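We did not get these values from a lab; they are worked out from the coordinates using the rules stated. Fair warning: this is a prediction, and the values are worked out from it, not measured in the lab. FYI the Cβ positions are ideal-geometry reconstructions off the backbone, even for glycines, and counts take in every protein chain you see.
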Amino acid sequence: MELNDHEEALRGDHVLQYPYRRATGPILGRFFTEIRDHGRLLGMKTAAGKVLCPPVEVDPDTLEDLSVDDLVEVGPAGCVTSWTWLREPRPGNPLERPFAWALIRLDGADSALLHAVDAGSESAMRTGMRVVPRFCDERSGGIRDIACFVPED
Amino acid sequence: MADAQKPVTYIKTPIAIHYDYSIGTGSSTFMRAIREGRILGSRCPDTGKVYVPPRLSSVETASPMSELVELPDRGVVYTYCIVNIKFYDQVLEIPYAYAYIVLDGADSAIMHLIQECSVEEMRPGMRVQAVWKDPSEWTESLENIRYFKPTGEADLPIDTIMNQIRKKSYA
Amino acid sequence: MREVAIIAFGQTPNRRKELHRNDAEMVAPVVAEVLKGVGLSRRDVDFTCSGSSDFLAGYSFSWVMAIDALGAWPPIQESHVEGEAAWALYEAWVKMLCQEEIEVALVYGFGRQSMSSPREVMVLMNDPYLETPLWPDTISQAALQARALLDAGLCTERDFAEIAVRNLRHAESNPLAQLSGRPDPDALLETPTIASPLRKHDCPPITDGACAVLLAAGDRARELCNRPAWIRGLAHRIDVQALGRRDLTHSHSARLAAEAAGAIGTRVDIAELHAPFTPQDWILQRELEITEGTVINPSGGIHQGNPMMGAGLVRFGEVAARIIRGEADRGVAHATQGPCLQQNMVGVLEGE
């Protein structure tokens, strides 16, 4: 009897699943709490006076720990700094119809947040356009409490 | 709407990645044979060691292996553990034993369940025999063997067997 | 500083799906080939390092099973990077610089991305709190970078298509290429976008494969190889992960790595760029200051085959192979991982 690889190997469905329960720490914890309870978005003010949203825990310039006391309100509206139109949404995406991914710089922030924009069509998307968040009715504390962003009008 | 709740301190981010998983040639050869009730190993051309399941190249010498060897469904317990924890859909009563079994003629061990043996009687060197499911239930799976049970024969000196296996290693 | 060279390179033919072999079985013949090519046996290898991903493989400690391909008896000195194998090359190189007794090192990479959906699996590299829960697939993320280039007036979609065309044309001389040919750029631009502005030709193919290189030091390299590809410089740098905190028209880490490796302002014959997406090729040309005389991706680059977790190591292997064969004297190799050129390794290789 000879061992050889002439025949195709056997295949089967396999799922790798992990539950993952991730501690947020105080800063992301406050960020998500504000979204969940008040529909407010917060950014982190750094020593250099920049406001980063989503917030960060460590000052990118001084490497000092930042504090929840340095969180400031941003948005809720913002402007699109880059975008892409996804004609076929993928499993787990925020929307089940074609939508845009966008980097959104919320008013008052110096960095951008990644999220979906429910613009209806690719022709409605433009770098520089203004968008506002649409929050979920049921919120559990997390980035998906923002269902998506929509064009401001 | 959100009510006054405790502040967020954690988020749940489950993942589930799906694979169309291909097991490769060595394991496929093993699985196809066990579907027919046969246990196969492959022999290293340098050391003569027989590995179960078969592999395309020798674990110790990297030489391609092409010779298949059929093994009996009986062997000797090399080592074992007593399980006291129930797993998610486990139907066995705890405690139970899992063992590394060196099949007669093999130079590597396979792992399987031991039943029809109280955990107090578990010991290295115990002769065991496979108990199969009904052939109508056989698939490409080691679960065609339900478990191994003691044969009642005299123990074999497993440390002597293992030393003989070790001596074959390419040194 | 101790001289270290790449003396051999091997890879599996790039194919859409590996139907017969598992990871160890894919790696075994490639390792055997590189050793045999220089007349060495596995016992002559002093240190081994590999690169692969458990998430791509579908189970934890997947790289341990691949060690079955090496004949690790007596026990070997070995390490692993959970990621692109070019970083395994880096580890082996650093070790050889520091440890005189390591004269020969084996580095290999492998992956069978076809088993899962790499567009999603690689999203596990994004921020687990803020980005991964939305599952922004890898093509969409690269598209955000492409859009930034268009918005800045730096590139057009045709520029992206021309990069794909160049790679596929070069791939015609690569016997192991999965894809090659001479498509018309205008015809490519007629195809639908996947994540605008990116189209299929802008994206990497799905490829299963394994690759390996051998490193040797000083006179040992000269004994084993007529013309070793000396590593004159090797460096890597990493950008902040969040896309919203970077200027996506740049890859600062690629620039810094290139400077540290001595790749800037130096003449090179060839450059192998690990640019999974066409706009990234454009960015890398700018950051590495690739000049007109340099042939980019003579192998066909990523567009002819993307054996993920080994594709970056292949870039180093392709440059080295051409130096060893006397087809080039000096080359730059680049490898990347992380979203939108977040982490970059640049090396300068040279023949004597």
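Couple of notes before you dig in:
- Among the listed pairs B:168/C:36; C:17/C:200; B:86/B:167, those whose Cα-Cα separation exceeds 30 Å are B:86/B:167.
- In order along segment C:86-101, the phi-based Karplus estimate (6.51 cos²θ - 1.76 cosθ + 1.60, θ = phi - 60°) of 3J(HN,Hα) comes to 4, 6, 5, 4, 4, 4, 5, 5, 4, 4, 5, 5, 9, 10, 4, 6 Hz; Gly and Pro are listed as x.
- Label-to-label distance, nm, for residues given as residue C:61 and residue B:66 (7 Å Cα→Cβ offset): 3.4 nm
- Beta bridges assigned by DSSP with both partners in chain C are antiparallel in approximately 70 percent of cases.
- Peptide A:87-94 - average C-beta neighbours from other chains (10 Å radius): 6
- The sum of -39500 (n - 2.57) across all DSSP H runs of n ≥ 4, divided by the residue count of chain C, sets its helix-only mean residue ellipticity at 222 nm to -9500 deg cm²/dmol.
- Shielding by other protein chains, A:17-23, mean Cβ within 10 Å: 5
- Under 11 Å, Cβ to Cβ, from residue B:12 - net charge with Lys/Arg +1 and Asp/Glu -1: +3
- Taking Cα centre as origin and charging only the Cβ of basic (Lys, Arg, +1) and acidic (Asp, Glu, -1) residues, the dipole magnitude of segment A:26-79 rounds to 280 debye.
- Chain A: angle of helix A:25-38 to the longest principal axis, Cα-based, in degrees nearest 10: 80 degrees
- Positive-end ranking of A:31, A:78, A:53 along the dipole of segment A:1-87, with charges on Cβ about the Cα centre, is headed by A:78.
- Net charge in the neighbourhood of residue C:53 (other residues with Cβ under 12 Å of its Cβ; Lys, Arg +1, Asp, Glu -1) is -3.
- The spacing between segment C:11-79 and segment C:272-290, judged by their C-alpha centroids, is 29 Å.
- Charged neighbours of residue C:195, selected by a Cβ distance under 14 Å, balance to 0 (K, R count +1; D, E count -1).
- Spin-label model, residue C:191/residue C:38: points 7 Å from Cα along the beta carbon direction are separated by 3.8 nm.
- Highest-first arrangement of A:17-30, C:291-304, B:102-115, where packing means the average Cβ count within 10 Å: C:291-304, B:102-115, A:17-30
- Average beta-carbon neighbours from other chains, 10 Å sphere, peptide B:57-66: 6
- Helix C:311-324 axis, angle to chain C major axis (alpha carbon atoms, nearest 10°): 60 degrees
- Tilt relative to chain B, helix B:24-34 - C-alpha long axis, 0 to 90 degrees, to 10: 70 degrees
- Rounded to whole Hz, the Karplus (6.51, -1.76, 1.60) HN-Hα couplings of segment A:77-91, x for glycine and proline: 7, x, 10, 6, 9, 6, 7, 8, 9, 9, 6, 10, x, 10, x
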